[in-house]
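Quick notes on the structure that follows.
Derivation of every value follows stated rules applied to the coordinates shown; laboratory data play no part. Note that the coordinates shown come from a computational prediction; the quantities given were computed from them, not determined experimentally. Because the Cβ atoms are built from the backbone with ideal geometry, glycine has one as well, and the counts that use them run over all protein chains shown.
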Amino acid sequence: MKKTSLILALFLVTIGISAQEEYKEVKHEKFEYTAEKQHEVVSFDAKEVKFKKRPKNIIIFIGDGMGTAQVFAGITANGGELNIQNMPFTGFSKTQSSDNYITDSAAGGTALSTGKKTTNGTIGLDSEGNRITSILEYAERNGKATGLVSTSAITHATPASFIAHQPNRIMYEEIAADFMNTDIDLFIGGGADFFTKRVDGRNLVSELNDKGYRIAYNMKEIEPFTKGKLAVLTAIGHNAGYRDRGDMLPQATSKAIEVLSNADSKGFFMMVEGSQIDWGGHQNDASYSTGEVLDLDKAVGEAIKFALEDKRTLIIVTADHETGGMSVNEGDMNKGYVKAGFTTGDHTAIMVPVFAIGPGAEEFTGVYENTEIFEKMYKLFKFKEQDKD
């Protein structure tokens, strides 16, 4: 009976894993998009804003799959302007993994989070399988509050690469268990089933509760919450697309900034992922990708508002790779209309943009390897070089 139960559990987990990767299937091509609603960008004069010399806080936004075409589609759809494009310092990141000219999100995310290239599919380990410390973990060691926000499952490749150490990105239950080995202050994203409906029988939500986390399952539940440990599991698997999930990402970003800035700490580090730009690329759906870029841009706007007031917060916006080989073939900024083309249903090898604002933002200009983004953050936080693992 026990053997049968185990086989059934493994079967159900396999189904769950497969469901987590369905976004990679090209189900419907859609090359045109007209913005349903445009949003206002944060107004400021970059020449007039005086930031501190070094950041106390860093917020890195990762638009999964977001290349220059996706950004420009967003600019066009939003009437000619995004918060992202108003960030005064720009550069380009090269995304190749240690074993492939075209990276996946696991290797791409690990390079950004640890400063080390690794093999596709690998989370928080180097190409030899050795554990690598992430910028989030270094931030914890140095007394900073930490957070993760994602529109995917929080156990998916990109957020996982900042907190977990596993040989395969689809080891979602093991990745969820890795959250328990850290002192992360806050995380918001999907993937509740990987914390509760587990083969090993553990209930990680109960364990999080025992560790002092406030547990919630939607953004409304945490509106009054302003300080303390917070775990918000907003979906059993991945969150819905931008049309159905509403303003979850900008709301989560704003709430995370509020909570982390209220922590009794030496500042904070946070990663925010716009996961589903990538999914639109996989499906060759310009509507999906562009709508997700606009959603990410609204979240970036929330961070910029805070940084302009705080003066000690560095904001970085980049991508782990580009998806779809997207091009913008026609458009009308007055109408918010975009017509795109795609060369593939997979990732591509092209460089991705990097945008920055705040103390130290000038460090992010030029062309460099994705691993340099970690190195620049580590240096700007003034963590000691001899303390690196």
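Starting from the exponent 0.38 and prefactor 2.2 Å, build the expected Rg for the stretch 131-257 from its residue count and divide its actual Cα Rg by it. Working shown, then result.
On the way: Rg = 13.7 Å, N = 127, 2.2 N^0.38 = 13.9 Å.
Scaled against compact globular proteins, the figure is 0.99.
In square nanometres and to one decimal, what's the mean projected area of the convex hull around the Cα atoms of the stretch 195-318? Walk me through the numbers before you get to the answer.
Values: hull surface 37.2 nm².
Its average projected convex-hull area is 9.3 nm².
Could you derive backbone 3J(HN,Hα) for the stretch 232-239 from the dihedral phi with the Karplus parameters 6.51, -1.76 and 1.60 (θ = phi - 60°), listing whole Hz in sequence and x where the residue is Gly or Pro?
For the stretch 232-239, the Karplus curve yields 10, 9, 7, 7, 6, x, 7, 6 Hz.
Translational D (Stokes-Einstein, µm²/s) of the stretch 36-387 at 10 °C and 1.306 mPa s when Rh comes from the Kirkwood sum over C-alpha pairs?
Details: Rh = 19.8 Å.
In µm²/s, the coefficient rounds to 80.
Amide H of G115 versus every other amide H placed in the peptide plane: which residues, excluding those fewer than 5 positions away on the same chain, fall under 5 Å?
Amide H neighbours of G115: F374.
Between K384 and A349, what length comes free when the chain is fully extended (0.36 nm per residue of separation minus the Cα-Cα distance, one decimal in nm)? Walk me through the numbers before you get to the answer.
Working: separation 35, 0.36 × 35 = 12.60 nm, distance 3.32 nm.
Going from the current span to full extension adds 9.3 nm.
Can you tell me what share of the DSSP beta bridges in the stretch 36-387 is antiparallel? A percent to the nearest 5 is fine. Before the final figure, lay out each step's value.
Numbers: 17 of 51 bridges.
Percentage antiparallel, nearest 5: 35.
Could you calculate, for the stretch 66-144, the ratio of the Cα radius of gyration to the Kirkwood radius, expressed as Rg to Rh?
Numbers: Rg = 16.1 Å, Rh = 14.6 Å.
Dividing the radius of gyration by the Kirkwood radius yields 1.10.
Please report the projected area of the stretch 97-197's Cα convex hull averaged over all directions, in nm².
Details: hull surface 23.3 nm².
For the stretch 97-197, averaging the hull's shadow over all directions gives 5.8 nm².
Step through the residues of the stretch 265-279 one at a time and calculate ³J(HN,Hα) from phi using the Karplus curve (6.51 cos²θ - 1.76 cosθ + 1.60, θ = phi - 60°), rounding each to whole Hz and writing x for Gly and Pro.
8, 9, x, 8, 10, 9, 10, 10, 10, x, 5, 8, 4, 4, 5
Given Cα pairs under 8 Å that are at least 6 residues apart, what percent is the relative contact order of the stretch 168-300? Present the calculation step by step, with values, prior to reporting the outcome.
On the way: 157 pairs, mean separation 29.2, N = 133.
About 22 percent, as a whole number.
What number, in percent, do you get for the relative contact order of the stretch 100-172 if the mean sequence gap of Cα pairs under 8 Å and at least 6 apart is divided by its residue count?
Details: 123 pairs, mean separation 25.8, N = 73.
It comes to 35 percent, rounded to a whole number.
Please state the charge dipole magnitude for the chain, taken about the Cα centre, from unit charges on C-beta atoms (+1 on K and R, -1 on D and E), reported in debye and rounded to the nearest 20. Mind showing how you got there, number by number?
Working: 42 positive and 54 negative charges, 215 e Å.
Charge dipole, the chain, about its Cα centre: 1040 debye, nearest 20.
Under the Karplus relation 6.51 cos²θ - 1.76 cosθ + 1.60, θ = phi - 60°, what is the ordered set of whole-Hz ³J(HN,Hα) values for the stretch 342-357, x standing for Gly and Pro?
Karplus-based 3J(HN,Hα) across the stretch 342-357 equals 9, 9, 7, x, 10, 6, 10, 9, 5, 4, 10, x, 10, 10, 8, 8 Hz.
Would you pull out the residues with amide H under 5 Å of G331's amide H, same chain only if 5 or more places away, H placed 1.01 Å from N?
K339
Counting each DSSP H run of 4 or more residues in the chain as -39500 (n - 2.57), what helix-only mean residue ellipticity at 222 nm follows after dividing by all residues, to the nearest 500 deg cm²/dmol?
Numbers: 13 runs with 127 residues, N = 389.
That calculation yields -9500 deg cm²/dmol at 222 nm.
With a length cut of 18 Å (Cα positions projected on each helix's long axis) and a Kyte-Doolittle mean of at least -0.5, go through the chain and give me the DSSP H helices that pass.
On the way: long enough: 2-20 (27 Å, 1.29); 248-261 (19 Å, 0.50); 286-310 (36 Å, 0.04).
Counting only whole DSSP H runs, the qualifying helices are 2-20, 248-261, 286-310.
Treat every Asp and Glu Cβ in the stretch 148-226 as -1 and every Lys and Arg Cβ as +1, leave all other atoms uncharged, and give the resulting dipole magnitude about the Cα centre to the nearest 20 debye.
Details: 7 positive and 11 negative charges, 32 e Å.
It comes to approximately 160 debye.
Mind putting a number on the dipole of the stretch 121-265 about its Cα centre? Charges go on the C-beta only, +1 for Lys and Arg and -1 for Asp and Glu, and I need it in Debye to the nearest 20. Mind dumping the intermediate values first?
On the way: 15 positive and 19 negative charges, 54 e Å.
Value, rounded to 20: 260 debye.
Around F89, which amide H atoms from residues at least 5 apart in sequence, or from another chain, sit under 5 Å from its own amide H, with H modelled in the peptide plane?
Here A356 satisfy the definition.
Counting just the Cα atoms, what span does the stretch 35-172 cover along each of its three principal axes? Round to the nearest Å and put the largest first.
That works out to 46, 35, 26 Å along the principal axes.
Hey, what's the Cα Rg ratio for the stretch 292-347 versus the globular rule of thumb, 2.2 N^0.38 Å? Mind dumping the intermediate values first?
Working: Rg = 15.5 Å, N = 56, 2.2 N^0.38 = 10.2 Å.
Against the compact-globule rule of thumb, the ratio is 1.52.
Where does the charge balance sit around A235 when Lys and Arg score +1, Asp and Glu -1, over other residues with C-beta under 10 Å from its C-beta?
0
May I ask you to derive the relative contact order of the stretch 36-387, considering only C-alpha pairs under 8 Å and at least 6 residues apart, and to give it as an integer percent? Numbers along the way, then the final one.
Details: 861 pairs, mean separation 111.0, N = 352.
Result for the stretch 36-387 is 32 percent.
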